[in-house]
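A quick write-up on the structure given underneath.
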Amino acid sequence: MSASNNNHQFDGQSSVPSSANNAAGSTAQGRGGSVVTRSRHWYRWRPVDITVASVIGVASGLVFWAFDLIVTAPTAVLKGFVPGLEGALNGFWYFGGVLALIIVRKPGAGLYAETVGALLELALGNQWGAAGSLVAGIVQGVFAEIGFLIVAYKLWNVWTATLSGVMTAIGGAAWSLVTAYAGMDSMGDFGIIYIVASCVSGAIVSGALMWFLYLGIARTGALSRFESGRIATARS
């Protein structure tokens, strides 16, 4: 979607004029992030956007698949302690879309990266099948987008990253409850605990942790071709 051409930007602390003639748009620095007002063409994907989102998707898919191999034991432990608490592990499947959105900062980046990751996870083979991998990844990607759609893809900080992680968790947990956990008490104690645990995991692992991972990557100079990278290095 295209951000509107506002005359000013506001980050809760100050207002900074923006230029309608600046094709790259402009950025106002705020505490913990930035508010961006862009030109009407800002959403167009460049080859480098596709490449980096693909790399994030592939890397995420490898992590998803590796986590599939080891998740059974910790799931059993948490489930035995409190049924539904196994949702606390779900953040390790939710992070790809959030990280891609933080770095690429284009609508669709989260959906694209999560779908690529889920396709790879499915291709490598796991116990979840297409519904638990590919379709789940698409659902998670859509909900990751919602976290930044709420702020019109204009506010980028640890809080919006955390919001995106929570939204991913809501979508992912809901999908799991109607597929993998069909027949369970999804509207009762089990479902509530599972969703809350998933949201906490999404907020911490998929949201806040991905924000600090992005900052670490950006400060190496690896993201110099991205607005996200230039902002991070300017603030360091």
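The values are calculated or read from the model by the stated rules, or taken from the named source; none is laboratory data. The structure presented is a predicted model; accordingly, all values stated were derived computationally and were not measured. In this analysis, Cβ positions are derived from the backbone assuming ideal geometry, glycine residues included, and neighbour counts consider all displayed protein chains. Ligands, DNA and RNA are excluded from the accessible area calculation, which covers all protein heavy atoms including side chains. Shrake-Rupley method; radii C 1.70, N 1.55, O 1.52, S 1.80 Å.
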- Query: Are there any pairs, at least 6 apart or on different chains, whose C-beta atoms fall under 6 Å, with the first in the range 210-232 and touching a residue at least 40 places away in the same chain (Cβ under 8 Å) and the second surrounded by fewer than 13 Cβ atoms within 10 Å (Cβ to Cβ), and if so, which?
  - Reply: Arg225/Val48
- Message: Name the single residue that is most open to solvent (accessible area, probe 1.4 Å) among those in the range 222-236 being more than 17 Å from Ala53 (Cα to Cα) and out of contact with any strand residue (DSSP E or B) (no Cβ under 9 Å at 6 or more places or on another chain).
- Response: Ser236
- Task: Quickly run through the range 131-177 and pick out the residues that are outside any helix (DSSP H, G or I) and not hydroxyl-bearing (Ser, Thr, Tyr).
- Result: Ile150, Val151, Ala152, Lys154, Leu155, Trp156, Asn157
- Query: If you check every pair at least six apart or on different chains, which have Cβ atoms under 6 Å apart with a residue in the range 181-203 that is open to solvent by 30 Å² or more (accessible area, probe 1.4 Å) first and a residue that is in a helix (DSSP H, G or I) and not aliphatic (A, V, I, L, M) second?
  - Reply: Met184/Phe190
- Task: Sort out which residues of the range 66-125 are over 20 Å from Val200 (Cβ atoms) and outside any helix (DSSP H, G or I), and write them in order of number.
- Result: Arg105, Lys106, Pro107, Gly108, Gly125
- Query: Just a yes or no: is a residue in the range 108-124 aromatic (Phe, Trp, Tyr) and out of contact with any Gly (no Cβ under 9 Å at 6 or more places or on another chain)?
  - Reply: no
- Query: Looking only at the range 91-126, which residues are open to solvent by 10 Å² or more (accessible area, probe 1.4 Å) and closer than 30 Å to Asp189 by Cα?
  - Reply: Phe92, Trp93, Phe95, Asn126
